[in-house]
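Quick notes on the structure that follows.
The values are calculated or read from the model by the stated rules, or taken from the named source; none is laboratory data. Remember, it's a predicted structure, so these values are computed and weren't measured experimentally. Heads up, the Cβs are rebuilt from the backbone with ideal geometry, glycines too, and the neighbour counts pull from every protein chain shown. Surface accessibility is based on the protein's heavy atoms, side chains included, excluding ligands, DNA and RNA. Shrake-Rupley method; radii C 1.70, N 1.55, O 1.52, S 1.80 Å.
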Amino acid sequence: MSTGSSIRRRCAVAVVATVSAAAALLVAPTTVSAASAGPAAAQQSSPPKPTATCFINQNNVNYRGGPGTGYRSHGQVHKGQGFDITGGTWGNRPADGMWWNEGTFWGGNGQRYWVRRDFMNC
């Protein structure tokens, strides 16, 4: 047997072992708890910072649990109410084809609600 074929055989065995170990890592189930995940996990659970502040521009404006009239109204607010925006999206129904802002009300309970953008001055 030549030295070259012996080296090729050892390299081939090493490659197969490495590929097998990598495949086992990809298939092995993993669980990550918030305690073991470190600071990144804690940041994901914190509320988002406001990106803008707006004010409601009409009376009796519904605020909802999601971005559209298909979501339950949690109440109404009136002209001048402050609203800190934390996100937004387009409504997904034809009647809701406006931009919806997600955020929290000044003096509210800190829960995030959705209000249509055209009912706000930003």
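A few remarks follow.
- Put simply, of A42, A24, A52, A12 the only residue that is loosely packed, with under 10 Cβ neighbours inside 10 Å and modelled with pLDDT under 95 is A24.
- Condition met for G108 (more than 22 Å from the chain's Cα centre (by Cα), over 14 Å from C54 (Cα atoms) and open to solvent by 30 Å² or more (accessible area, probe 1.4 Å)): yes
- Checklist (1) within 18 Å of the chain's Cα centre (by Cα); (2) open to solvent by 40 Å² or more (accessible area, probe 1.4 Å) applied to G80, failing item: (1)
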